[in-house]
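Please read the structure below before turning to the comments.
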Amino acid sequence: MIPVGVEDFEKLRTENYYYVDKTAMIRDLLYNRGEVNLFTRPRRFGKTLNMSMLKCFFEIGTDPTLFEGLEISKEEELCAKYQGQYPVVSVSLKGIEGADFAEARAMAVGIINEEVRRLNFLESSEKLTQKEKLILSQLQEQDISNDTLNSSLRNLTGLLEKHYGKKVILLIDEYDVPLAKANEYGYYDDMIKLIRGMFNQALKTNPSLYFAVLTGCLRVSKESIFTGLNNPRILSITKVRFDEYFGFTDQEVQDMLEYYELAEKHDIVQAWYDGYLFGNVKVYNPWDIICCLDDLTADPDSPLQDYWSNTSGNQVIRKLIEEYGNEETKEEIETLLAGGTIVKEIREDLTYNTMYASIDNIWSVLFTTGYLTLRERPTDRRCTLAIPNREVMNLFADQIIELFKERVARESDKRGKLCDAVEAGDAAALEELFTDYLDDTISLQDTYVHKDRKENFYHGILLGIFAYREGWRTKSNQQAGDGFADIRVRVRKKNIGIVIEMKYAENAKFDDALEEASRQIEREDYVHELKKEGFPVIYKFGVACYKKRCRVRCEKEA
């Protein structure tokens, strides 16, 4: 089965899900670990599943057969020494997303409550005193004090060490989600204080700690929550170590496609979802691959979709585009949209409350969160960046159109003149006004974006203008005659019908593009429905665009 949304390693292995073997990470972690190890990767790149894998490998009492036949099982000496030999505290902070601090704090308490219930065998331990068992009882209460919450992870590791006589492995997944949500909702300082208190006690000079692994999206600055912690090992997307363990390599994707008899889909899947460079390894977005396979196994002709972009609000792209009033930034975005690269100095240690403080910080966030990727290994903090693949390219274009629509809504006079030109069949006026709009927005250029996507982009810009015209019934890509017209408008009060066919003029060959648009309108009989409905006036527009230029042709239906 295809593991859509399955992040539990045991479930994945026992219920016959397809598993891309990342267990060699265990070996590399044991040979190259620090006392505190922080892995930063974009969302949906396998962090939670890898943490579940670590828990299943190390924790006393887990099933060793889960790893039979996997890469780590070849390390017989290592498995004998470490597998199933350590107590583990495992918590995920991804669920802490309260609208205010009180709600978020209650969620944090709930996570600790849940982990204590999972370790409830400690309540009957003969090695713990009644006073120590009282600590367990307190940690199961919903209304616990700040001191008790701050010391919760440290106390759990201490109690487990005493029970087993072994030091403890601490796993903290998505450590920075509470900070992201707190910054979004306005209680960042309170959340920083809470997380710093918990982490300092659990990670700093904790005698019960064997080692800790944390995962997150951003590498939050040491000064904000890791104050006083001695040299946590930061394993970010620029590091070579562990570079192949988050995301799928091309060989792994080829193997999956062959397994599901979809090998012929490799090239298009690669164009959509590959393109990330982590350390020295090129990887695909694993969430995309899993969702894509799920659709393709049901329908091999299913069109590829934007899966990853729908798992977040994508606010950081919006912030970048809103800053393009700076002409340099605008040109840089256009370079990226053309498949080119830009060079930026990247800070990987940010704080959430300064993410959007400057355009430089926004570039750093776009990189660390996966909207941009490296095109070559950096030699210093200056990185050569690019948009990784077609999916993220689509996301940029969609955000540009959305912001364009919002701006158009505020410009009633300008959009009114353009719509008047369309109603009048005035090709010259439409050409002039639409070119003015294109000149004032970010454009899609040539090299990387596919022709159909470019046409859709200009199509979306024009629809964004039409959307605010009262009295128009505007349809996009609706059945018309024998095919689908790009845009069809009915102006009932004036008895005017309008058909518009958009074309991208490759290499600025406007005449060829306009001829193609006219032929398509006639060949597919796009005016059929409008004639059938009795519109006495029907205008047939061809609109050809290239970068920031357009040409328009209009014919009146005889």
Could you tell me whether Leu403 is surrounded by 21 or more Cβ atoms within 10 Å (Cβ to Cβ), on the phi < 0 side of the Ramachandran plot and not in a loop (DSSP other than H, G, I, E, B)?
no
So which residues in the range 369-393 are open to solvent by 10 Å² or more (accessible area, probe 1.4 Å) and either part of a helix (DSSP H, G or I) or over 22 Å from Ile237 (Cβ atoms) (or both), if there are any at all?
Arg390
Hey, could you check the range 183-198 for residues that are part of a helix (DSSP H, G or I) and either touching an Asp or Glu at 6+ places or on another chain (Cβ under 7 Å) or among the charged types (D, E, K, R) (or both) and say which is nearest to Arg154 (Cα to Cα)?
Arg196
Tally, over the range 335-361, of residues that are farther than 15 Å from Ala386 by Cβ and surrounded by fewer than 21 Cβ atoms within 10 Å (Cβ to Cβ):
15
Look at the range 316-334 and say how many of its residues are in contact (Cβ under 8 Å) with a residue 24 or more places away in the chain and either exposed (fewer than 15 other Cβ atoms within 10 Å of the Cβ) or of a type in the set (D, E, K, R) (or both).
7
Are any of the residues in the range 199-213 free of Cβ contacts under 8 Å to residues at least 60 places away in the same chain, over 24 Å from Asp301 (Cα atoms), of a type in the set (A, V, I, L, M) and not in a loop (DSSP other than H, G, I, E, B)?
yes
With respect to Lys330, is the statement that it is of a type in the set (Lys, Arg) and under 28 Å from Tyr187 (Cβ atoms) true?
no
Name, by its number, the condition in (1) assigned to a loop (DSSP other than H, G, I, E, B); (2) open to solvent by 30 Å² or more (accessible area, probe 1.4 Å); (3) in contact with a helix residue (DSSP H, G or I) (Cβ under 6 Å, 6 or more places away or on another chain); (4) not small (Gly, Ala, Ser) that does not hold for Val20.
(2)
Considering only the range 65-170, give the helices (runs of 4 or more DSSP H) lying wholly within it that have at least 2 residues that are within 21 Å of Val213 (Cα to Cα).
76-82, 101-118, 146-150, 152-164
Among the residues that make up the range 223-230, is at least one of them open to solvent by less than 30 Å² (accessible area, probe 1.4 Å), under 25 Å from Gln130 (Cα atoms), of a type in the set (A, V, I, L, M) and more than 25 Å from the chain's Cα centre (by Cα)?
no
Do we have Thr62 as open to solvent by less than 70 Å² (accessible area, probe 1.4 Å), assigned to a loop (DSSP other than H, G, I, E, B), within 28 Å of Asn155 (Cβ to Cβ) and of a type in the set (Ser, Thr, Tyr) here?
yes
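Per-residue answers, yes or no, for (1) of a type in the set (D, E, K, R); (2) under 28 Å from Val20 (Cβ atoms):
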site: Asp295; (1), (2): yes, yes
site: Ile317; (1), (2): no, no
site: Glu323; (1), (2): yes, no
site: Asp349; (1), (2): yes, no
site: Thr373; (1), (2): no, yes
Could you tell me how many of the residues in the range 143-158 are of a type in the set (A, V, I, L, M, F, W, C) and in contact with a strand residue (DSSP E or B) (Cβ under 9 Å, 6 or more places away or on another chain)?
2
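The values are calculated or read from the model by the stated rules, or taken from the named source; none is laboratory data. This is a predicted model, so every value here is computed, not measured. Cβ coordinates were reconstructed from backbone atoms using ideal geometry, including for glycine residues, and neighbour counts include every protein chain displayed. In case anyone asks, the SASA skips ligands and DNA or RNA and just uses the protein heavy atoms, side chains included. Shrake-Rupley method; radii C 1.70, N 1.55, O 1.52, S 1.80 Å.
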